[in-house]
Each structure stands twice: as C-alpha cells, then as structure tokens.
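Laboratory data are not the source of any read-out in this text; all were calculated from the coordinates shown. Small disclaimer: the values here were computed from a predicted structure and weren't measured. We place every Cβ from the backbone using ideal geometry, glycine too, and count neighbours over all the protein chains shown.
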Amino acid sequence: MLGSFLYYALYPLSRVITSGSESLVKAALLINRKVAWDTGGTPPLGLANPNSLLLNLWAGENYLTQRNAEKTEVGESKCPEVMELEKKTDEIGPQAGDKAQEVVPSKPHIVSSQVALGTTRQENTGEKQNSGVQAYPALELETHAHFYSGDVQERSYMDYPVLDQGGVFETQPKVHGWHFPAGHGLADMVHQPYWQFPSMSYYPAQQASTEFKVMWRVWEDLHDTEAETSVPQTADQSADSVFEFTVMTYNILAQDLLEANPELYMHCSEKVLVWSTRLKGILQEIQTWQPDILCLQEAQENNFKRQLQPILTDMGYTCVYKQRTGSKSDGCAVCYQNRHFVQLSVNLLELRQERCELLDRDNVAIVLLLQPVTAEYQDEKFTPICVATTHLLFNPRRGDIKLAQLVLVLTEIESVVRRCKTMGRECEVILCGDLNSVPNMPLYQFITTGQLCYHGLPAWMISGQEDLSHQTHPRRLYAPLLPISLGISDNCQYVTASKSEPSPSDKLKYSHDFLLHLRYCKVACMRPTDLELIPGVTDNTPDPHEKQPYTQRLRNTTICHSLNFKSAYSHFIPGKDRPEVTTLHSNAGVTVDYIFYSARTEHTRGQTDKRLDGGLKLVGRLGLLSEADLWSLRGLPNEIFPSDHLSLLAKFQLPASSPR
Amino acid sequence: MNNKFDALKDDDSGDHDQDNVSPKDCEKEKSEDEEKDPNTAKKKTVVPGAGEHPLQYNYTFWYSRRTPGRPASSQSYEQNIKQIGSFASVEQFWRFYSHMIRPGDLTGHSDFHLFKEGIKPMWEDDANKSGGKWIIRLRKGLASRCWENLILAMLGEQFMVGEEICGAVVSVRFQEDIISIWNKTASDQATTARIRDTLRRVLNLPPNTIMEYKTHTDSIKAWEDFHGLVNASGGR
C-alpha cells in the first residue's frame, strides 16, 4: 500500500522532471500552444526515456493501451507533430536525465527540489523500494509541480493504471482533457533557449547548426503555371516582358508608443523591448527580404531619420517620410529601390481636416506614383504604379473616423489614377499599411468590393476589432459621411468647381454636384438675419442628416470607389483553418495589416478566348503565422520578430503595357 | 479578458462628448457675429463673403400667396408678393434656400420666385416685357425636386444663353404644380430652344412631358380676357 502510494507520488514526478527537462514542454510549446496547454497530452511521451522505461514495463499492457488511446485522442489534428515529437524525445532521451539537472533555475526553489527529487527518483525506480523519509521531499515537490504545471501532474493520474487496479483512488474522476490557462507559469518552466530545437511540422526542415536558422515564415510561391500556359504566349512575351517586384509593409512599433503603453507588452522580456535590439531585428528583416518597395508605419521620426534612413539609403532606397501631425512622433514611410523605380509624383496626406469633424485625428498617408524602370527599358514600357500607405486610427470604437480617413486616402489614389488616364496611361495601385480593421468587416469590404452602404452601421462594426454589440446606444454612421464642404464625392472623387477652367462664355459656371456639395456648409446653416420669418414658408431648419428625396437614395448612403482591389493575403493559414495574425499584443491577435493590389481581371469570352486585362499578378508572398504560433514564441515582440506586427511581403508581376 | 486590449495605443481614444454635437449647434453661436456684417443689410447690394463661391449674377427670392376670396389685380399682386432676400454667392444661396420650406410642402395657392437682382417677377418689368417663359406642369409630388434642379441649373449658368435668363417660378396649385423659367426675348427662337433642351436635361424629364412656351404678351392678353372689365386699364 505504501509502495503504491509512493508510486503514485513519484511516478508523476518522474514525468515532471523528464518533461521539465526541456524537451517536451518546450517542443510542445513550439508546435502549438494547445498541445501543451489545452490537452496536456504530450507529457506522457516523456516516458520513452530510460528512466521511466521500468515504470512502463511495470505498468504493463494497461499502460500501452491507455497511451495509444490517448494518442488518438490527442492526435486528431496534431498527429504528425506528436509523432515527430515522440521521435525527438526518443533521440533526446539518453541525455534528458542529465539535462534535467543542468536546467538553469529561474525559480530556485523548484529547481532545487527537482534536482533533489531527481536523485530520489533514480534510487526509487532502481530499487522499487523506499523509505518514508525519502517520500517527504517527493511529496513536497509534488505540490510545487502541481502548482507550476498542473496539467502535467493531473494528467499523470490517468496514465497510472496501477491506481485503478489497486483501487486506491477509485473516486478519482476520469478526466478526458484538461484545460490549462495560458499564463506565465508554464512558460517559466521552459528555461532553455528554444532555438536549440529544430523546427517542427510544416516548417521546412533546416540543417542543424548552432545558430538559430529556423525559417519561421515560409515563402509561398503562387506562380500558377497552368494559368500561364492557358494564355496564348506570343513570341515577345519572354521574361523581360514582365516586371517583377516585391512590396513589404511593416508596422515597426514606434518606441515612444511602446514606452507609453507598457501594459500591452507585459508578456515580453525587457531585452526584446529595447530599441537598439529591435532596430537590429527590423533591419535584419528588411535585409533578409530586400523588398523593392518598403512601406513602414509607426516609424518614429528621430529613429527613422537618424538610424533607419541612412542605412536604407545605403541599401539603394529612396525614402519618403511623413510624420503624423500634432505632437505625434511617429509616421509613415515609403522607400523604393532606385534601380527599379523612378518617382513620378508624391502626395503627403494629412488625414486631419479642419473642415470635417470626423477627420480630427493625427493620422497620415503617403501616395506615391512610381515608374518601373529596367536596364533595357528606360522608356515607359511598364505602366506606373501608385503606391499608397497609411496607418489608420486605432480606436476600435471609432470606425466612422477610420472610414472617413480611408475615403481620403482612396480619393487621393483615385485622383492619381485619373491623372494618369488623362495622360493616356493606365496605372496600377498598391494600397498597404495598418488599417486597424479586421478582414471581412465593413471597412475591408469597402476596399475589396468597391462600395459600402454605411448609413446606420454602428461605428465599432466598421473595423470589427472588438465586438461591442452589447452597447445599447452605439455610435452610428449617418450620411453624409463627409461634409460636402470637403469637396469629396461619395465615389471618392475630388469635386472641383468647373470655374477653375475658364469657360468660353467667361461665366461662373457650377455643376449641380458642386452646388450640392456646398449645401450644408457652415455659412449655409446660419439663418440669414434679414430673412423674415413667415410661418410655413421661411421657417425651415437645415438638417444635414435630413433625407434627401430629391437625389437617389443609394447615392447618399453609399460610398464607392473604382479601384479593383484584391488582398495579397487570404487571412487564413493555407491548408489550416487558423486565421493569420499580423499583430499581437496582450491576449488577442488579429489581421490589421494588408497589401491590396489592383488585380488583373480575367475576361472570358466564350470557352477559349481568355484575355488578361492589365492589373498586377500576385506571384508570391511571405507566409504569416497563427496566433498560437506567435504565442509559442512568447507573443510579440520577441527575439525573432522585433515589432508587435509582422511584416507583410508580396511579390507581383506587372506585364508590359500593351502597345496603343 | 479584454482589459489589456482595451488599452489604447495612443491618445486617439477619445469618445468626446462634443462629437455628438451637430454642426448647426455650433453655428448658432456664430450667427450673432453675422449681424454686424453690413452686407446682409437690406437695401445694400449683396456681395459674396470671403472665401465664398461668387455667382455670375445676384439673385433675389420672392414669395407670393393669393389671398382667398379677393379678386386678383395687378395692384394686389404686387402687394402680395414679398421679397425674401438676395444673395451673391453659392453659400448665401443655400442659406436662404435651406431655411425655406420646400415648394412641395407649401400650402395653398403659393409661388416661389427666384429672379436676378433688379428684375421684378412681373410681366411688366422692363426685362420681362418682351419676354416669355417655358412652362412645365407637374403632377403633385415632383415640384420640390424639379424646382431645386431648375434653380441650381440657373445659378450654375447651365443654360448658356448669355444674359437671356430672367428668373424662375414654382407655382403650387390645387391639383398640380407648375414650374417655369423666364427669358428676356420671346422672339429669339435659338435661345428658347436651347433653354428647352437644357430643361429636359437638368430636370431629367420623361420624353413625353409637355413643355409649353408662352410669351408674356400672350399671358397679359389672356389675363385681360379672363378678367374682362375688371381691370381694363391693363396690367395683368
């Protein structure tokens, strides 16, 4: 009886130690947070090491069957990883015992008891006999172990068939899964630097080396050869008739904002938050991928101008920077490779507009027009590319402001495109940046579908960062979104008075639309002092929100644009059901960064005549990670990813413009 | 759970109370300053305010309403018609227009007139006496929209007939509404044709809409015939 009791106490401890000896918990963490925390299914695998082998044998068939059963239970979605893990464990096995004692203590009292127990356990398992004295430290450790790695401990009850046989713990409920809340405790058990472990599962295998070389993010090649061949290839459609370039957008987390909001980065170790460390990481990211066009958000003015820009200039980039208005120290930047592009025009947009209540925040945007150049073709063989980047307002409750800001940016893009068209040229568009909005919510839909009926929508819903549907009286959007005095129409076009062009009759001509846009300007809403009040005749009160039966209803409540945008990312990890995450802080990760491009539209006439019509073709992108992946790296920023956002990188193909 | 995420990354957090204040509330405070503006004083010629969009011509709004039971006469017509105000810019136009009831919501036998400053909305005015007007009869419910489109086209100089346009009228009647646009020279067929075509375009009228041109001389004559001896001396 005493023997079985001690076994009950010590057997789990042997687990704790073997798993605590880095490999299992560590590896499980690396693969998927759920493996370690939600099911707690992996620790029993630790029994593969020699020390627990005896126990296994002793446990007999019951152990094996139960373990197999467990594998299927755990394995459903993660089977490959678990199997691989198991192999790893087998390999590591021999040294595992030693490593357990080498563990660098972060919590001294645990480790000391682990070490103490390590010896105790080895004696015990060896002799299968023990004295009462030895059992006490063991029990004490059990308490610690329970505290710090509850699931490992608890789970082991199940794996211990002797208990059932002996009937000692008949009342112990059969538990099928344990939920272990995400917290610091488990992570603290993982003392070893994790890069000593090779990559798992779907990441490409890397050659073992002392340096960390795991490619966390994989390049996804999207060249689809099939579609290419279905397009009739003409003789001159060789390699030089397409222009390939890469675009990166990266919110690099302004150091001032990081320091102003420490609560968002509580999960990070001090050293990954140091600017010099992060700068190194940011530069490494840029140097690794060498994007032809680099769009940065949250680039802090002093850091960018003094540190980033000189290096980027050395790397062959020309940088355009726009600092946020007001007292904000960060801003946006667009950098392009000199050897690939020539700048045709640049617009630095301030999204704060005095004439509009909604546009009262200090966000900015950059709209560039770049002409692709190649060594052979200095002429205008390729259509120019309009590159726009912005960082929209964060506040999850103010989708109305975000939408208004976006309309401003799109209007500027539309005007650039229009200007190209008046010069007889097409223009491709790339819109990227941190839109602080999640996929498939209204703001996103507006970009991708080209229109949005916003009238009456709650403001929080526009971005969808948080579900605030519990609010009884949410702020809502009402038409018109932008005051007509701003001179921006519902279809994202600047409304210009035709009087600017001297008309032949030399008259002050105004279009119907232009006149309407001044309808509720400030002056017009003030009652003329000389207006006699005649009841029923001159006692109307102007109401900007009044229904306008005189114009089409759709026009007043809907905004639209004519840019045919497609997202370079699918927002789901390919082949998995897990959403991609571009930013992560605290305990939520979402996609808020995007690369949108003017997509190539395919016109199909009949069965055979397929024609591709201008546009950019997405041919590759740098894969993103899921929230679980990122938490397995202790969230963002971390040693590998220096910002609380991931970079987005996409490769595009631009066909030579067809001769006119 | 969400507390941390609620924390905002910068000071953009404000759900300011004043966000809920509509523009017109803010403007009310300013309107007192306007009284000092000499340009709004009645007898003076209006000029566009700073930064406003000047119109090619200054215009004046008029309003008239026939008093029931009293015979219409030239005299009473002139007494019944009331000057509402004049403006010189697009912004000033909207100030008046926005504070006026839409024609479709007017009651009784009422008219709004919008004429160039200095031209009275009467056949007898020098600018009108050899002129005429295009008349469009509208079924009920269309007057507000058509009137707005008509005057916007007129103010925006969309008719392209030089100085020919005098003004426009919307007349609210019992079973129908009538809008009309007056020009100086009834005999200038090129001008009247051009006005007609522009009207069709800007009012977005169905092709079968009947448009009728009537010279003021004819109107005067018809009026005299109708009223017989009552006003033999002429006028209306």
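Using a cut-off of 23 Å between Cα atoms, the listed pairs A:322/A:421; B:133/B:221; A:402/A:509; A:509/B:82; B:129/B:214 include A:322/A:421; A:402/A:509; A:509/B:82 as exceeding that distance.
Take the Cα of residue B:140, step 7 Å toward its Cβ, do the same at residue A:338, and the gap between the two points is 7.6 nm.
For residue B:89, the amide hydrogen comes within under 5 Å of the amide hydrogens of B:55, counting only partners 5 or more places away or on other chains and with H modelled in the peptide plane.
Note on A:644, A:434, B:197: ascending count of other Cβ atoms within 10 Å places them as B:197, A:434, A:644, the fewest first. Listing A:368, A:253 from fewest to most neighbouring C-beta atoms within 10 Å gives A:368, A:253. Using the Cα gyration tensor of segment B:113-182, with a ≥ b ≥ c the square roots of its eigenvalues, what is the shape: rounded (a/c below 1.5), prolate (a/b larger than b/c) or oblate (neither)? Oblate, because a/c is 1.5 or more while a/b does not exceed b/c.
About its Cα centre, segment A:374-452 has a charge dipole of approximately 340 debye under the convention of +1 per Lys or Arg Cβ and -1 per Asp or Glu Cβ, with nothing else charged. Shape verdict for segment A:273-365, please, from the Cα gyration tensor: rounded (a/c under 1.5), prolate (a/b greater than b/c) or oblate. Because a/c hits 1.5 or more and a/b fails to exceed b/c, segment A:273-365 counts as oblate.
Along segment B:189-195 the Karplus relation, 6.51 cos²θ - 1.76 cosθ + 1.60 evaluated at θ = phi - 60°, assigns HN-Hα couplings of 5, 4, 5, 5, 5, 5, 4 Hz to successive residues, with x for each Gly and Pro.
Amide H to amide H distances under 5 Å link residue A:344 with A:369, A:370, A:371, where only residues 5 or more positions off or on other chains count and H is placed in the peptide plane.
Per residue, the Cα convex hull of segment A:392-537 amounts to 171 Å³. Measuring between their Cα centroids, segment B:146-181 and segment A:329-365 lie 45 Å from each other. Here A:543, A:330, A:360, B:111 are placed in order of increasing Cβ neighbour count within 10 Å, fewest first, which gives A:543, A:360, B:111, A:330. Of the residues A:442, A:480, A:457, the one whose Cα sits farthest towards the positive end of the charge dipole of segment A:382-514 is A:480 (charges of +1 on Lys and Arg Cβ, -1 on Asp and Glu Cβ, taken about the Cα centre).
Given +1 at the Cβ of Lys and Arg, -1 at the Cβ of Asp and Glu and no other charges, the dipole of segment B:132-226 around its Cα centre is 340 debye to the nearest 20.
For residue A:331, nonlocal amide neighbours, meaning residues 5 or more places apart or on other chains whose placed amide H falls under 5 Å from its own, are A:298, A:299, A:300, A:301, A:324. Rounded to the nearest 20 debye, the dipole magnitude of segment A:233-358 is 320 debye, with +1 charges on Lys and Arg beta carbons, -1 on Asp and Glu beta carbons, and the Cα centre as origin.
Summary of the geometry: segment A:403-433 and segment A:280-319, compared by the centres of their Cα atoms, lie 25 Å apart.
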